[in-house]
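For reference, the structure discussed in these notes is given below.
The values are calculated or read from the model by the stated rules, or taken from the named source; none is laboratory data. Bear in mind that the values here come from a model prediction, so they are computed numbers and not experimental data. Cβ placement follows ideal geometry from the backbone for every residue including glycine, while neighbour counts extend to all protein chains displayed.
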Amino acid sequence: MRYVMKKNNFSYNYSIAFMKAFFSFCVVCCHFWNSDNIGLYPVDMMYRMRGAAVHVFIIISFYLMGETLSSKEKAKKRVYRLLVPYLGWGVIYYYAYWIMGVVRQIIGNSRGNSIVSYKDLLWQLALGSSRYLCPVLWYHFNLIILTVLFVIVFSYSRDYIWINVVILGLLAFWLQYSGINYWLFGRFGFEVRYSLGRIVELLPSSCLGLLLAKSQNLNKIKEHGIVTVFICIVTMILISYYDVISDCSYSFYYGGLKVVMYSTLAYLLFWVIPFEAAPEWMKTILFFAAKYSLGVYCVHLAVGHCWDSYACKILGLGNKTFFGSMVIYLLSLAVSFVISKIPFQSVKNLVS
């Protein structure tokens, strides 16, 4: 989820910046916006975008990663950059929740009799998916595994790299629709099933990101922006409301061709919108929000739980709402910005 180009660089891509900011908000909505009555199509589309967020982030990551994978040194640096927030936030969440548990016991809170254990920390550091700490870091675990996988592919099959990339994507779909992937990992508990089961589910999007980078046709598509926007929106509606593509019967919430197609269309939809022509103040906001999208992803669970469990009760507001998700997103941005001001590079790498 990292995007390292400088703001003043002429090649800074504001379409990717928008997607990072927007889909970070979608991730917050995924965890803190529940509704059984979505009526208007624009609101319904926003609700459906939640499920596309992870796949879009994977497409972005591997679209920007092509050059990195061809160099083992660059690949090692990338894995290190992924490990810093992966391990760092696992430890931070552990000690934060452990201290909160101790405080609750001291003040006699009836819910304070459960303190996180070292077992939770080990699951978090091993697979990024302890249900009691920061389970969203399964994404970083998957990203690290997929990065290593493609480093191997690029290192040992130079003559057939792109054929192998296509084969991997098709193989991943076969493993999903045949039920083999679910059979392998669905039998395990929370910590294992989602982290390992989703590797195959995100593999097609990572292959697609690499193929888009290789083809270099996205700028040509941008020349036909109006047509592309129309096609993307119409196709997304068809996919959403009609069974033109079958769902994957057994998945870990990110499997099947439908979600990959929907996410790809969302990616193309936002890619062709000329955000670079937006006013400077808007581009400044996009740059800021995109810069801290990693921080939002990593801190929003803690911020969201504080908002839902405490602030909503004090203010008399309902929880799991769209308004609450907006507040959580903005607070997560603010927390990430404050953390980035700590004068240590390793700390800055936790949020940007």
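Below are the figures for this structure:
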read-out	value
GLN105 modelled with pLDDT of 90 or more, of a type in the set (S, T, N, Q) and not in a loop (DSSP other than H, G, I, E, B)	no
All helices (runs of 4 or more DSSP H) inside region 121-215 with 2 or more residues being under 20 Å from ARG50 (Cβ atoms)	138-156, 190-215
Selection within region 291-310 - more than 11 Å from the chain's Cα centre (by Cα) and not hydrophobic (A, V, I, L, M, F, W, C)	LYS291, TYR292, GLY295, HIS300, GLY304, HIS305, ASP308, SER309, TYR310
When residues of region 21-77 are limited to those that are modelled with pLDDT of 85 or more and part of a loop (DSSP other than H, G, I, E, B), the one nearest to CYS298 (Cα to Cα)	TRP33
Helices (runs of 4 or more DSSP H) contained in region 216-297 and holding at least 2 residues surrounded by 18 or more Cβ atoms within 10 Å (Cβ to Cβ) and at pLDDT 95 or above	257-272, 280-291
Test: PHE185 is aromatic (Phe, Trp, Tyr) and within 28 Å of VAL272 (Cα to Cα)	no
